[in-house]
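Only one structure is covered here, and it is reproduced in the block below.
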Amino acid sequence: MPAARPQSPPFPNRAYAWFVVAVLIVAALVAYVDRQVVAIVVDPMKEDLGVGDAQIGWLYGVFAVFYAIAALPIAWLADRKSRRLIIAAGIFFWSLMTMACGLTRSYWNILLARIGVGVGEATLTPATTSLVGDCFPREQVPLALSVFQTGPIMGSGMAFIIGGYVLGLVQEAEPLALPYFGELRPWQQTFVYVGAPGLLLAFVFLVIREPVRRGASESPGGAGSVGALVAFYRQHARTLTLHHFGNLSLVLAGYAFVFWTVSFFVRVYGYDAAEASQVFGWIFLVAGPLGPIAVAVLARRLSDRGRADANVLAGMIGGVAAVVIILLVQAAPSAFWAFVLYAPAMMAINSPFGIAAGALPVIAPPNLRAQVAAVYLFVLSIGMMVGPPITGAFNEFVFPEQEGVRYSLVTVTAIFGVIGIVLLQFARRPYAASLEEANRRDD
């Protein structure tokens, strides 16, 4: 007589599970404030440091490189050790490194501090994917992760609101002089003030309870090994390659668009950086979270109608909308109409990535979820890394005139946005096959 299958432990109370997601959203919000604040102070940093657009772009690029590299070993830990403690340590470290960006006036020291921000923030996505996967039944994980993705989006909006407000405030204030560090310019003070709150948030995660880890008992071999991860990627090579690189292309276009937004309004329409940052931030904060939720709901409805490719198809539809609206923004006849178009642009540009992350845990074995998320993050970070500096290079060398940033964004969006859409179109059928196989595995 075959041995009975071990009984799965119960999931956490539904209200508590969503409370955990809410706290993770706050962490993601703080992460993206610290990540994006560099985009607000581009012009004063350039003037003070004596560098060009491409070098400023690499302050985001180097963040992305180490964000991606660090995620892989951190994910290995997240599949084995306490995820709440990993996240708490990461928040504390990246917040400290954000403050460090403001305590120096050397480009290379800021570059090193941005590496530290990337390493710290690399803790969040892999540990969150594993944590959420153990808080919800498998069919609810895509929605939970899509809701979690509102945190990064709101964080990006808050970065521009808070950063713009702080920059405007410190520009009017007396210079801040600190022992050893000397006098801090307004852009330096901005880094210090936005980094400080994260030091307190880190301690909140010490009161979160670890959910029961399901992978060790429900998956062969316990905690996922590197060999198991490689075998999974070989088995689902078409699905994962097309999914990862399709979303990489969309991320590249999206991060370029967001990073250069404030400079776009400053250079094309003559806005003050602090003012442009706050207006854009409010648009981002209000409109941005609607996209991932709308696409997650669309995916759920498509799935209920029997479409096994729903998670990829819904993300691809969001990508099409993003490319079209970004191109329309660059053709806006005035700043007013550009800001009007930014509302649907922010909805669309953020819409594919919640469901893109949520599509992976439902096909991956429980003991590999964090590591699959880290590999995906590694690939996605290539787009984060090269999007801003590629656009900056176009600004400097191809379209060097004052309004050149708009033509750079048209070029980057037209090339990489379309590539992303095409790759996701080809990912639909293999993803459906991978999902059906996962359903058979878990029956």
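The values are calculated or read from the model by the stated rules, or taken from the named source; none is laboratory data. Values in this document were obtained by computation on a predicted structure and should not be read as measured data. Please note: Cβ atoms are built from the backbone with ideal geometry, for glycine as well, and neighbour counts cover all protein chains shown. Accessible surface is based on the protein model in full, side chains and every heavy atom, while ligands, DNA and RNA are left aside. Shrake-Rupley method; radii C 1.70, N 1.55, O 1.52, S 1.80 Å.
Assorted remarks:
- Single unsatisfied condition, F148 versus (1) within 25 Å of S277 (Cα to Cα); (2) free of Cβ contacts under 8 Å to residues at least 60 places away in the same chain: (2)
- Test: P186 is closer than 30 Å to E47 by Cβ and modelled with pLDDT of 85 or more: no
- Condition met for V194 (surrounded by fewer than 16 Cβ atoms within 10 Å (Cβ to Cβ), under 22 Å from the mean Cα position of the chain (by Cα) and part of a helix (DSSP H, G or I)): no
- Yes/no for S95 being among the small types (G, A, S) and closer than 23 Å to M385 by Cβ: yes
- For segment 154-176, the count of residues that are out of contact with any Lys or Arg (no Cβ under 7 Å at 6 or more places or on another chain) and part of a strand (DSSP E or B) is at least one.
Yes/no matrix, rows are residues, columns are (1) in contact with a Ser or Thr (Cβ under 8 Å, 6 or more places away or on another chain); (2) modelled with pLDDT of 90 or more:
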site	(1), (2)
F353	no, no
P366	yes, no
V375	no, no
V386	no, no
V398	yes, no
E401	no, no
V405	yes, no
L409	yes, yes
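- One residue from L341, L302, L327 being out of contact with any Phe, Trp or Tyr (no Cβ under 6 Å at 6 or more places or on another chain), in a helix (DSSP H, G or I) and closer than 19 Å to F426 by Cβ: L302
- Within the option set V26, V33, V20, V37, being at pLDDT 85 or above, open to solvent by less than 20 Å² (accessible area, probe 1.4 Å) and not in a loop (DSSP other than H, G, I, E, B) holds for one residue only, V20.
- Inside segment 133-145, residues that are surrounded by 21 or more Cβ atoms within 10 Å (Cβ to Cβ) and either in a helix (DSSP H, G or I) or without any contact (Cβ under 8 Å) to a residue 12 or more places away in the chain (or both) make up a count of 5.
- Near pairs, Cβ below 7 angstrom, 6+ apart or cross-chain, from segment 395-419 (assigned to a helix (DSSP H, G or I)) to any residue that is loosely packed, with under 15 Cβ neighbours inside 10 Å and modelled with pLDDT under 85: E396/G52
- Filter result for V405 (surrounded by fewer than 17 Cβ atoms within 10 Å (Cβ to Cβ) and hydrophobic (A, V, I, L, M, F, W, C)): no
- Unique match (being in contact with a strand residue (DSSP E or B) (Cβ under 9 Å, 6 or more places away or on another chain) and at pLDDT 85 or above) among L131, L96, L85, L103: L103
- The criterion of being of a type in the set (S, T, N, Q), under 12 Å from the mean Cα position of the chain (by Cα) and assigned to a helix (DSSP H, G or I) holds for N350.
- Wholly enclosed helices (runs of 4 or more DSSP H) of segment 40-132 bearing at least 3 residues open to solvent by less than 20 Å² (accessible area, probe 1.4 Å): 53-78, 83-101, 107-121
- Residues satisfying the stated conditions in segment 82-104, i.e. among the hydrophobic types (A, V, I, L, M, F, W, C) and in contact with a Ser or Thr (Cβ under 6 Å, 6 or more places away or on another chain): I86, I87
Okay, residues lined up against (1) part of a helix (DSSP H, G or I); (2) open to solvent by 10 Å² or more (accessible area, probe 1.4 Å); (3) in contact with a Ser or Thr (Cβ under 7 Å, 6 or more places away or on another chain):
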position	(1), (2), (3)
F284	yes, no, yes
I293	yes, yes, yes
A308	no, yes, no
A314	yes, no, no
G318	yes, no, yes
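Here is a yes/no grid of residues against (1) without any contact (Cβ under 8 Å) to a residue 24 or more places away in the chain; (2) under 14 Å from I153 (Cβ atoms); (3) small (G, A, S); (4) open to solvent by less than 30 Å² (accessible area, probe 1.4 Å):
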position	(1), (2), (3), (4)
S249	no, no, yes, yes
A253	no, no, yes, yes
A256	no, no, yes, yes
V262	no, no, no, yes
V266	no, no, no, no
S277	no, no, yes, yes
F280	no, yes, no, yes
A287	no, yes, yes, yes
